[in-house]
Structures are given as C-alpha cells and as structure tokens.
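The values are calculated or read from the model by the stated rules, or taken from the named source; none is laboratory data. Not measured: the values here are computed from a predicted model. Here the Cβ positions follow ideal geometry from the backbone for every residue, glycine too, while neighbour counts run over all protein chains shown. Heads up: the accessible areas ignore ligands, DNA and RNA and are worked out on the full protein's heavy atoms, side chains in. Shrake-Rupley method; radii C 1.70, N 1.55, O 1.52, S 1.80 Å.
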Amino acid sequence: MTTGPGHSLHGHRSVPHTGDLRVEAWAPNREECIAEAVRGMVGSFADLPADASCVARECVVAAAGDDGRLLVDVLEEVIYRMDAAGELPVDITVTPEPGDVRVQFTMVDSSTGTQTGAVPKAVALHGLRLAPDAHGWACRVTLDV
C-alpha cells in the first residue's frame, strides 16, 4: 500500500467489502497512521459537528510488540467509548511511549452527530495490516458492522 489519492502524506478511505467495512489509512509514522484509521472508521458512519461541545479523554494502550494488535486495540477503545459513554472522537492524537502509545481523544456526544452509515460493532483480525511502506506507514482493517 502506498500513499493514497493525490499522493497525500496523510489520509484514509473506505473500501467496499462484503458485509463489512474496510478502512485503509496512511501517514508518515505508525502513530499518525493509527489516528487516520480512527478518523476513517468514525467518518464511515457519522458526520460530527465541528462546533459541538467537546471533552478531552486519554488512555494508554499497550503495544504488546504487535503493530496490528495495537491498531485493533485503539479501534476497540473507540467502539467501547461509543457504546459505554455515547461519545465519538472528533479528533485524536496518538503518541509513542515506551512499550505503549498514549491516545488523546477530543470527544463529542454521539447524539450531536448524524449517522451516515452502519456503526461498527467489532474489529476483525482477518486481513489486518499495519506496517511501514515506501512512503511511511499504511494500514488496512476490516470492521464488523
């Protein structure tokens, strides 16, 4: 996988996948690629207002030596927060820490958004990829909807 449309250094897109949703993302480094995947996932089913009241949330996710599993764990954190607290990220920053990543969310109440697609329920491990490529980092993940 290389940079996406227009050869942008950052980006994401949804790709048709039978019965599910596949998100592809790319960025100069691993952490930014994970953040792009989150933006792609949320953008696939919600249109969030830019002027909504926001709250900051933060968590640490263990890298566990497997970049693909790290991507899954961050996406599952978003799904958990959506289900448990009714919040969705309008912005996300992922920064490295020794053995982990720190994830900082800017969250809005999901009721302020407009649902535009099927809401993901889980992250599939089949076809999962997060790895360096010729232009930085790229990932591919399938979401169960």
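What does the charge add up to near ALA122, with Lys and Arg as +1, Asp and Glu as -1, over the other residues with Cβ less than 12 Å from its Cβ? Could you put the intermediate results ahead of the total?
Working: positive: LYS121; negative: ASP20, GLU76, ASP83, ASP144.
Computed value for this residue: -3.
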Pop out the ³J(HN,Hα) list for region 93-103 in order, Karplus 6.51 cos²θ - 1.76 cosθ + 1.60 with θ = phi - 60°, rounded to Hz; leave Gly and Pro as x. 10, 10, 10, x, 9, x, x, 9, 10, 9, 10
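Give me the number: length gained by fully extending VAL55 to ALA85, i.e. 0.36 nm times residue separation minus the C-alpha to C-alpha distance, one decimal in nm. Present the calculation step by step, with values, prior to reporting the outcome.
Working: separation 30, 0.36 × 30 = 10.80 nm, distance 1.18 nm.
Separation in residues times 0.36 nm, less the Cα-Cα distance, equals 9.6 nm.
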If I model a spin label as a point 7 Å beyond the Cα along the Cα-Cβ vector, how far apart are those points for ALA134 and ARG102 in nm? 3.6 nm
Charges at C-beta only: +1 for Lys and Arg, -1 for Asp and Glu. How large is the resulting dipole of the chain about its Cα centre, in Debye rounded to 20? 340 debye
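Per the 1.4 Å probe, what fraction of the accessible area of the chain, in percent, lies on carbon and sulfur atoms? Numbers along the way, then the final one.
Values: 3470 of 6910 Å².
Summing carbon and sulfur atoms, their accessible area is 50 percent of the total for the chain.
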From the square roots a ≥ b ≥ c of the eigenvalues of the alpha-carbon gyration tensor of region 84-129, which class results: rounded (a/c under 1.5), prolate (a/b over b/c), or oblate? oblate
